[in-house]
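Nothing in this text is a laboratory measurement; each read-out follows from the coordinates by a stated rule. None of the values given here were measured: they were computed from a predicted structure. Reconstructed Cβ throughout: ideal geometry from the backbone, glycine too, with neighbour counts over all protein chains shown.
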Amino acid sequence: MTDRDNGRTGDGDGGPGGGRQAGRRDPAREQGRAAAARGEVPRRLLATATRLFAERGYEGTSVQEIVDAAGVTKGALYHYFGSKDDLLHEVYARVLRLQQQRLDAFADADAPVDRRLRDAAADVVVTSIENLDDTVIFFRSMHQLSPEKQKQVRAERRRYHERFRALVEEGQRAGVFTDETPAELVVDYHFGSVHHLSTWYRRDGRLSPQEVADHLAAMLLRSLRP
């Protein structure tokens, strides 16, 4: 009797779909899983730290409490963040990185400057509201960062504000915006509104994040009309 008569192919244990190939290791897939697992640990640590900082305050939260709640070791925390100070910095830095990337995209878009400024102005409102807990935690505890970390945060924020201000200045040079008010004051005006969102915005309120963003962006553009 042949293998064909027995319902088997000549490939041995089940042919292309058989047990031998099904049991083979896939190095690329295993590496992908390992990379995903490594990325999950810092995400879990950051989410846990953010929650605990919100509930107990930065000073009232210990490293041991963070790792216990996250289900990892102290070694894992120090591997990814180095210190509790680094965790607090990253709570805000991840939001600012997102906003910087989006601002750069708006600023570099092929669109009139007033449209680019309007989109950028609205976006920083939406992203701030979507990450309101993170920014509140950070600004409440920023003074507890090391002087070096505080300097780093100020430099990161300055880079964002300078790119935003450059849009205003571009429009002023082109005559699209009035130059009666210095661009620095225009930027401070808008970001003052953004930084005060935590004092009044409520997720169950009448206005959605996008509606708030549209109103504040429109106010900014009106203040710049020639």
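Could you give the Stokes-Einstein D for the stretch 55-109 in µm² per second, using the C-alpha Kirkwood radius, 20 °C, 1.002 mPa s? The estimated diffusion coefficient comes to 165 µm²/s. Taking 15 Å as the straight-line reach from the Cα of residue 149, the aspartates and glutamates in range (excluding those fewer than 8 positions away in the same chain) are 85, 86, 90.
Compute the label zone of residue 154 within the stretch 179-196: residues whose backbone N is under 18 Å from the point 7 Å along Cα-to-Cβ. Answer for the stretch 179-196: 188.
Each of 64, 146, 168 was placed along the dipole of the stretch 41-180 (beta-carbon charges, centred on the mean Cα), and the one lying farthest toward the positive end is 64.
In the calculated pair-distance distribution of the stretch 59-151, the portion above 21 angstrom amounts to 47 percent of the Cα-Cα pairs. Backbone phi angles across the stretch 209-226, fed through the Karplus curve with coefficients 6.51, -1.76 and 1.60 (θ = phi - 60°), yield HN-Hα couplings of x, 5, 5, 4, 4, 5, 5, 5, 5, 5, 4, 4, 5, 5, 5, 9, 4, x Hz in residue order; Gly and Pro are listed as x.
Starting from the Kirkwood radius over alpha-carbon pairs of the stretch 122-181, derive D by Stokes-Einstein at 25 °C in a medium of 0.890 mPa s and give it in µm² s⁻¹. The diffusion coefficient I find is 178 µm²/s.
Can you work out D for the stretch 120-226 in µm² s⁻¹ from Stokes-Einstein, where Rh is the Kirkwood radius over C-alpha pairs, the temperature is 37 °C and the viscosity is 0.692 mPa s? Stokes-Einstein gives a translational diffusion coefficient of 217 µm²/s. Within the stretch 70-105, find all residues whose amide N lies under 18 Å from a label point positioned 7 Å from the Cα of residue 64 along Cα-to-beta-carbon. Once the point is set 7 Å along Cα→Cβ of residue 64, 70-78, 83-85 turn out to lie under 18 Å by backbone N, inside the stretch 70-105.
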